[in-house]
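The values are calculated or read from the model by the stated rules, or taken from the named source; none is laboratory data. Quick caveat: nothing in here was measured; it's all calculated off a predicted structure. Neighbour counts run over all protein chains shown; Cβ positions are idealised from the backbone, glycine included. Note: accessible area is taken over every heavy atom of the protein model, side chains too, but ligands, DNA and RNA are not part of it. Shrake-Rupley method; radii C 1.70, N 1.55, O 1.52, S 1.80 Å.
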Amino acid sequence: LVAADGGVFNFGAAGFFGSMGGKTLNAPVVSLAATPSGAGYWLLGADGGILSFGDARYFGSMGGVPLAKPACAIVATETGAGYWIVARDGGVFNYGDAAFHGSLGNTALNAPVVGAAADLASTGYWLVGGDGGIFAL
């Protein structure tokens, strides 16, 4: 689990590789993605900034770049050699080996995007709207 202040809480077999709890952040943490090995994770700030822990490699971020809407999700690729950052307006930003298959950044949505998941079979991804809408890209 990750808290808005960047504190990470591990349970069961999940490893602890560090956190930002108690440190000053540019924006609240809104999402966490584990590496495929389970030996690391990325934290995503609402400003699109990325923090890497354990074996999670840093491939870039939107930190410092003005976003139309805050970031809401980070999704790792199957290899762990990349990730997608997703914003609440459906904007998608790809890094490392994460392929770009489009976004909803210029689409009128009934509700903001609140989550995302990788389609490992196709290297694509799904975006999830707050109203339950699913968008396959």
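Okay, here's what the table says:
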read-out: Identity of the residue in region 54-74, open to solvent by 30 Å² or more (accessible area, probe 1.4 Å) and of a type in the set (A, V, I, L, M, F, W, C), that ends up nearest to the chain's Cα centre (by Cα); value: F59
read-out: Enumeration of residues in region 2-25 that are closer than 17 Å to G49 by Cβ and either in contact with a strand residue (DSSP E or B) (Cβ under 6 Å, 6 or more places away or on another chain) or surrounded by 11 or more Cβ atoms within 10 Å (Cβ to Cβ) (or both); value: V2, A3, A4, D5, G6, G7, V8, G18, S19, M20, G21, L25
read-out: Subset of region 100-137 [free of Cβ contacts under 8 Å to residues at least 40 places away in the same chain, in contact with a strand residue (DSSP E or B) (Cβ under 8 Å, 6 or more places away or on another chain) and over 16 Å from A68 (Cα atoms)]; value: F100, H101, G102, N110, D119, G124, W126, V128, G129, G130, I134, A136
read-out: Residue check for A87: open to solvent by 10 Å² or more (accessible area, probe 1.4 Å) and either under 10 Å from the mean Cα position of the chain (by Cα) or among the hydrophobic types (A, V, I, L, M, F, W, C) (or both); value: no
read-out: Selection count, region 123-132, where residues are modelled with pLDDT of 95 or more, open to solvent by 20 Å² or more (accessible area, probe 1.4 Å) and not charged (D, E, K, R); value: 4
